[in-house]
Amino acid sequence: MIKLYDFELSVNCYKQRLLMSILGVEFESVLVDFFPGSEHKGEEFKKVNPLGHIPVIDDGGFVLRDAHAILIYLAAKYDPTGNWYRTSDPELIGETAQWLLFAEGTTNTASAARLHDSLGYPFDIDECRSGAHKLFRVLEEHLWFREQEGLDWICSGDHPTIADIAIFPDVMLSEEGGVSSQPYPAIRRWTDRVKRIPGFVVMPGIFPAATA
């Protein structure tokens with residue numbers, strides 16, 4: 001069984017929990033006292049990840065770090081449909097990689113602002129918030145044009161990909177860092193669609209889709 005070195009409030013750890021739930025992959029959550037204990041910076045944890053970061057997975061002795069690398073691995077290995085990371089389609093691979101890099105930006109801005117406000121991380125909060133809004137404007141326009149083409153997801157095609165999983169929690173929890181999603185209706189429609197994917201699970205601050 002996969003071991004996920006996990007912290008409940010981490011968006012990057014949640015991305016793994018969410019994808020594994022959607023794919024029906026069983027895993028063991030190994031809790032790491034990220035805050036306030038900073039266990040991830042301790043010598044014992046650095047035997048697992050010398051960089052001192054979470055998440056990390058251990059899949060039968062194969063240890064992998066980095067949130068988005070883990071998403072690629074999980075989708076490539078455990079999605080029998082091949083839809084979440086379509087390795088048979090070079091264009092879609094490139095498109096997915098492009099948006100995974102975009103997700104690094106939302107993590108470093110919107111989620112960084114959340115860490116500043118919630119956990120006291122010493123980030124430049126004005127820079128984080130302005131950077132998040134810049135990225136959200138790009139995502140809003142992209143999703144709006146997708147909708148005009150009858151497409152629901154970030155990447156091309158009729159099925160969500162790991163790019164949707166990578167960006168979703170950064171956007172959903174942005175309010176906790178003072179970054180409002182109210183100016184972005186296409187983003188809010190997209191997050192509602194993500195919440196309706198079978199197997200969707202919540203985390204603190206992210207709630208189920210509203211029922212009619």
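Some notes on this structure:
- Some residue of the stretch 181-198 being among the small types (G, A, S), out of contact with any helix residue (DSSP H, G or I) (no Cβ under 8 Å at 6 or more places or on another chain) and at pLDDT 95 or above: no
- Of all the numbered requirements in (1) outside the structural domain of V171 (by TED's automatic domain parsing); (2) at pLDDT 95 or above; (3) closer than 30 Å to I125 by Cα, I72 misses one, and that requirement is (3).
- Residue tally, condition part of a helix (DSSP H, G or I) and modelled with pLDDT under 95, over the stretch 118-134: 2
- Residues that are outside any helix (DSSP H, G or I) and aliphatic (A, V, I, L, M) were ranked within the stretch 135-190; the one that is farthest from R86 (Cα to Cα) is V179.
- The condition of being in a loop (DSSP other than H, G, I, E, B) and either outside the structural domain of A166 (by TED's automatic domain parsing) or small (G, A, S) (or both) holds for H53.
- Total residues in the stretch 29-48 satisfying the condition of being within 21 Å of P169 (Cβ to Cβ), surrounded by fewer than 18 Cβ atoms within 10 Å (Cβ to Cβ) and not hydroxyl-bearing (S, T, Y): the figure is 4.
- Subset of the stretch 59-69 [among the acidic types (D, E) and either in the same structural domain as Q98 (by TED's automatic domain parsing) or closer than 14 Å to C13 by Cβ (or both)]: D66
- Verdict on E95 being of a type in the set (D, E), over 22 Å from L4 (Cα atoms), surrounded by 14 or more Cβ atoms within 10 Å (Cβ to Cβ) and at pLDDT 95 or above: yes
- Sub-6 Å Cβ pairs linking a first residue in the stretch 134-158 that is within 14 Å of A103 (Cα to Cα) to a second residue that is of a type outside the set (F, W, Y) and part of a loop (DSSP other than H, G, I, E, B), at least 6 apart or interchain, are C155/T161, ordered by first then second residue.
- Selection count, the stretch 108-134, where residues are touching a helix residue (DSSP H, G or I) at 6+ places or on another chain (Cβ under 6 Å), within 18 Å of F34 (Cβ to Cβ) and either surrounded by 20 or more Cβ atoms within 10 Å (Cβ to Cβ) or outside the structural domain of E175 (by TED's automatic domain parsing) (or both): 4
The values are calculated or read from the model by the stated rules, or taken from the named source; none is laboratory data. These figures come from a predicted structure and were not determined experimentally. When we count neighbours, we look across all protein chains shown, and the Cβ atoms used for this are built from the backbone with ideal geometry, even at glycine.
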